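Only one structure is covered here, and it is reproduced in the block below.
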Amino acid sequence: MVTQELHENKFVLDRFRRVIRNQRLAHAYLFIGPEGIGKGQTALAVAKLINCEKQERPTSQSYCGVCSACRRIDSGNFPDVTVIGVGQDSSIRISQVREIITRMQLRAYEAAVKIFIIEKIEDLSLEGSHALLKTLEEPSKDSLFILTTDVLEKNLSTIRSRCHAVYFFAQDRESLMQSLQASSHLQPDVCHFLVTYAQGYPGRAQRFSQQGLLERRNAYVDGLILKRNDSAVLKKVVADRGQTKEALDILLSWFRDVLLLKAGAQRHDLMHRDRFTDLERTARRYTHRQTEDIINEVVRNARLLDANLNIKIAMQILMEKIWQK
């Protein structure tokens with residue numbers, strides 16, 4: 001339950017609580033925001049708000065999370081809540097949209113409203129988009145559509161115009177850090193790094209926590225900054241494009257912290273404050289000008305990588321700047 005709540009946008013849920021309480025629920029909503037910000041989990045939370053068995057609808061204030069309806073929605077076994085996501089071929093098939101159309105025409109099994117959640121609608125084929133548009137133009141009275149998109153501009157304007165737009169923004173980092181600490185049991189400073197690196201997006205922070213970003217960050221810092229000429233770490237980094245990009249992002253954030261530290265910033269102002277002693281060591285190694293040169297070289301490498309160029313030589317030049325002292 002804690003993990004799910006980490007992904008839910010409480011401001012959006014407050015809006016839906018008021019709408020449900022006033023019985024003014026529209027037939028279609030479009031959740032808009034970057035990947036990892038919690039659109040999908042918030043859509044499921046709305047479904048639970050509507051169907052929770054322990055609330056006296058339509059004056060629901062929250063959902064319990066433990067009743068049969070809430071648990072079945074979480075597990076994907078509630079008959080009146082349908083979730084369609086991107087498949088292995090990175091697209092939403094027309095057959096999935098047709099299945100929704102068929103279900104929409106049927107009576108609800110046990111709920112007052114049939115809820116259809118379609119994630120990443122920008123990945124719909126043109127045929128699928130037109131089929132969905134027709135459905136939105138002629139919705140059944142007992143149906144609710146919640147669509148999500150990472151990029152609003154990639155969707156048909158006709159679909160966008162038939163939905164109520166709900167924008168998702170980065171959450172307050174302090175509250176997100178507390179939620180992540182409760183779900184992961186990591187130290188506060190470690191959670192601060194993960195949340196800051198995730199830019200306040202709960203899905204990213206959770207993913208970073210679960211997929212070993214902290215361990216990789218430590219390997220990059222230890223092998224590329226603190227140890228001189230650790231060619232084994234460098235060789236591993238340049239062998240994989242994804243690791244190269246991640247390592248450059250970590251290096252950039254680390255030396256930005258160093259620059260802030262040299263400018264008089266306090267410990268709580270830094271992203272990598274869980275390794276404050278190592279940041280101080282790094283700050284003593286370089287002048288202000290040398291730190292800026294390293295940052296510029298990291299940015300140059302990142303641009304070369306974005307241009308799909310071979311950056312092995314450029315990375316070696318960067319390492320020489322880092323290991324100059």
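Sort out which residues of region 131-152 are closer than 19 Å to Leu106 by Cβ and in a loop (DSSP other than H, G, I, E, B), and write them in order of number.
Glu138, Pro139, Ser140, Lys141, Asp142
Has region 45-52 got any residue that is of a type in the set (D, E, K, R) and outside any helix (DSSP H, G or I)?
Taking every residue of region 45-52 in turn, none turns out to be of a type in the set (D, E, K, R) and outside any helix (DSSP H, G or I).
Among the residues of region 123-130, is there at least one that is assigned to a helix (DSSP H, G or I) and under 23 Å from the mean Cα position of the chain (by Cα)?
Scanning region 123-130, I find at least one residue that is assigned to a helix (DSSP H, G or I) and under 23 Å from the mean Cα position of the chain (by Cα), so the answer is yes.
Yes or no, residue by residue, for (1) outside the structural domain of Ile37 (by TED's automatic domain parsing); (2) over 18 Å from Ile317 (Cβ atoms); (3) part of a helix (DSSP H, G or I); (4) at pLDDT below 95:
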| site | (1), (2), (3), (4) |
| --- | --- |
| Leu194 | yes, yes, yes, yes |
| Leu224 | yes, no, yes, yes |
| Lys236 | yes, yes, yes, yes |
| Ala247 | yes, no, yes, no |
| Met271 | yes, yes, no, no |
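Can you tell me which of Val221, Val190 is in contact with a Phe, Trp or Tyr (Cβ under 8 Å, 6 or more places away or on another chain) and of a type outside the set (Asp, Glu)?
Being in contact with a Phe, Trp or Tyr (Cβ under 8 Å, 6 or more places away or on another chain) and of a type outside the set (Asp, Glu) holds for just one of Val221, Val190, which is Val221.
Whether any residue in region 153-163 is part of a strand (DSSP E or B) and in the same structural domain as Gly40 (by TED's automatic domain parsing) is what I want to check.
no
Looking only at region 118-139, how many residues end up being more than 17 Å from Ile94 (Cα to Cα) and either crowded, with 16+ Cβ neighbours inside 10 Å or not assigned by TED's automatic domain parsing to the domain that holds Ala108 (or both)?
1
Using the structure shown, decide if Arg24 is basic (Lys, Arg) and either at pLDDT below 85 or assigned to a helix (DSSP H, G or I) (or both). Spell out how you get there, then give the answer.
Working: basic (Lys, Arg): yes; either at pLDDT below 85 or assigned to a helix (DSSP H, G or I) (or both): no.
Considered against the rule, which asks whether it is basic (Lys, Arg) and either at pLDDT below 85 or assigned to a helix (DSSP H, G or I) (or both), Arg24 comes out as no.
The values are calculated or read from the model by the stated rules, or taken from the named source; none is laboratory data. In this text the structure is predicted, and so the values were computed from the model without any measurement. Cβ atoms come from the backbone with ideal geometry, glycine included; neighbour counts cover every protein chain shown.
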